[in-house]
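The values are calculated or read from the model by the stated rules, or taken from the named source; none is laboratory data. Quick caveat: nothing in here was measured; it's all calculated off a predicted structure. Methodologically, a virtual Cβ is constructed for each residue, glycine included, from the backbone with ideal geometry; neighbour enumeration extends over all protein chains shown. The area values use the complete protein model at the heavy-atom level, side chains included, leaving out ligands, DNA and RNA. Shrake-Rupley method; radii C 1.70, N 1.55, O 1.52, S 1.80 Å.
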Amino acid sequence: MYKDTTFSAFTICCRKKNYSFTRPVVMGILNATPDSFYDGGRYLGAAAIEARARQIVEEGADIIDIGVVSSRPGALLLSPEEEAQRLVPVVEQVRQLYPEALISVDTCFSLPARMAVQAGADIINDISGGQFDEAMFETVAQLQVPYILMHTQGTPDHMQDNPHYEDILQDVALYFSERVDKLHRLGVCDIILDPGFGFAKTLDDNYRLFNRLPQLQQLFPQLPLLVALSRKSMMYRLLGTTPQEVLPATLALDILAINQGAQLIRVHDVKEAVQSVNVWMKLQQCK
């Protein structure tokens with residue numbers, strides 16, 4: 001069994017300012033979408049968006065992650081123009097409310113990514129790993145913003161369990177190696193890796209990959225590792241329940257992921273995640 005690890009500090013540069021993190025980073029999700037798998041429809045309209053942004057900040061998140069398009073299996077992507085029209089006003093609103101906040105945007109197209117950064121976003125979070133828009137990598141390089149590179153195969157409207165992996169870690173590592181090399185060649189400095197739990201993987205592959213997070217972290221020791229597990233099907237399908245009922249399982253896996261080397265966790269439930277991280281930190285201090 002892999003032993004508990006010590007958190008690896010990291011630094012990212014946003015808008016010519018360095019942000020150094022010496023403890024696990026909590027990324028709070030703001031889904032301004034009508035159809036996200038867990039909280040779709042809750043945060044539509046300026047008042048609801050403001051309330052959710054305030055909740056994320058007051059409960060102690062380090063980053064606000066804004067998305068306006070669902071990435072659940074079966075979801076349909078918007079055109080880049082439609083997504084930008086939805087995304088930019090939300091970024092502008094949150095930036096006006098919280099001038100000092102770190103804001104990431106969940107998009108896989110270069111047009112909304114560029115417009116969101118111009119509106120005040122700091123980080124691009126791309127579930128496609130540059131697969132849906134060949135201009136994405138060059139856009140990130142031009143903007144000089146941190147980039148979250150996620151592993152997946154297929155688009156949301158076609159994604160389903162993929163039974164063809166011979167070695168899930170090998171597949172993910174090769175995918176990351178090729179794309180990280182391309183990003184580095186373009187001059188992208190800050191890359192965060194997301195293994196893509198729940199995206200085009202079988203239930204067992206999700207857990208196999210989770211158990212091999214330490215090896216993944218060792219393969220890319222200079223790149224921060226993000227896990228996005230919050231209320232996902234790898235828990236509620238296993239347990240025969242719903243996304244609404246798997247907060248305890250989410251918290252357990254998030255802390256186990258941090259023990260396995262993850263440096264960022266992306267969550268719906270910020271208060272609970274921050275409490276869990278604070279307890280984890282105390283345990284590290286008292287070793």
*Does any residue of segment 261-274 turn out to be under 14 Å from the mean Cα position of the chain (by Cα) and of a type in the set (Gly, Ala, Ser)?*
yes
*asked:* Here are the criteria: (1) free of Cβ contacts under 8 Å to residues at least 40 places away in the same chain; (2) under 28 Å from Leu223 (Cβ atoms); (3) part of a helix (DSSP H, G or I). Tell me which single one Val69 does not satisfy.
replied: (3)
*Tally, over segment 103-119, of residues that are over 21 Å from His151 (Cα atoms) and open to solvent by less than 10 Å² (accessible area, probe 1.4 Å)*: 2
*asked:* Residue pairs, Cβ under 8 Å, 6 or more apart or interchain, first in segment 75-90 and part of a helix (DSSP H, G or I) and charged (D, E, K, R), second at pLDDT below 95 and open to solvent by 40 Å² or more (accessible area, probe 1.4 Å). List them.
replied: Glu83/Leu77
*Any idea how many residues of segment 222-271 are open to solvent by 10 Å² or more (accessible area, probe 1.4 Å), farther than 23 Å from Arg23 by Cα, in a loop (DSSP other than H, G, I, E, B) and modelled with pLDDT of 95 or more?*
2
*Given (1) open to solvent by 10 Å² or more (accessible area, probe 1.4 Å); (2) within 19 Å of Pro195 (Cβ to Cβ); (3) in contact with a Gly (Cβ under 9 Å, 6 or more places away or on another chain), where does Asn278 come up short, assuming only one miss?*
(2)
*Flag for Leu186 being closer than 22 Å to Phe7 by Cβ and in contact with a helix residue (DSSP H, G or I) (Cβ under 6 Å, 6 or more places away or on another chain)*: no
*Confirm whether Ala61 is open to solvent by less than 40 Å² (accessible area, probe 1.4 Å), out of contact with any strand residue (DSSP E or B) (no Cβ under 8 Å at 6 or more places or on another chain) and either in a loop (DSSP other than H, G, I, E, B) or at pLDDT 65 or above (or both).*
no
